[in-house]
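Taking it in order: structure first as structure tokens, then the write-up.
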Amino acid sequence: AGDPWPVEDVVPDGEEQDRLPLRKLRLLGNSEELRGLLLNPHLRQLLLTVDQAEDKSSLMKKYMQEPLFVEFADCCLRIVEPPEKENILPE
């Protein structure tokens, strides 16, 4: 079964490069590691500030200097784009 809302139906042509299909968003929602990070009130405040900001781009550049925010971003990326297992030597 496919996603109920495929990205083609939600995002105009040419704008899907920064979008995730619903199935990958569900992976984020099911991650215990991510849930644990989101218990941190400081991280929650950072995310709320970004969400409400007029100039999200410059704020994101600033927050990417904060270790907690980088940890959050790295966690999200590991979930939606797991690292490939190339360059791992067999035991």
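The values are calculated or read from the model by the stated rules, or taken from the named source; none is laboratory data. What you see is a predicted model, and the numbers here were worked out from it, not measured in a lab. For neighbour counting, all protein chains shown are included, and Cβ atoms are generated from backbone atoms with ideal geometry for every residue, glycine included. Ligands, DNA and RNA are stripped out before the accessible areas are found, and what is left, the full protein with its side chains, is counted by its heavy atoms. Shrake-Rupley method; radii C 1.70, N 1.55, O 1.52, S 1.80 Å.
Looking only at segment 75-88, decide whether some residue is touching a helix residue (DSSP H, G or I) at 6+ places or on another chain (Cβ under 7 Å), of a type in the set (Asp, Glu) and either loosely packed, with under 10 Cβ neighbours inside 10 Å or at pLDDT below 85 (or both).
Taking segment 75-88 as the starting set, the residues that turn out to be touching a helix residue (DSSP H, G or I) at 6+ places or on another chain (Cβ under 7 Å) are 75-76, 79-80.
Adding the requirement that they be of a type in the set (Asp, Glu) leaves none.
No, the conditions are met nowhere in segment 75-88.
So in segment 16-63, with the set limited to residues that are of a type in the set (A, V, I, L, M), under 12 Å from the mean Cα position of the chain (by Cα) and in a helix (DSSP H, G or I), which one is modelled with the lowest pLDDT?
Leu25
Tally the residues that are closer than 22 Å to Leu25 by Cα and open to solvent by less than 80 Å² (accessible area, probe 1.4 Å), restricting the search to segment 35-62.
Number satisfying all stated conditions: 12.
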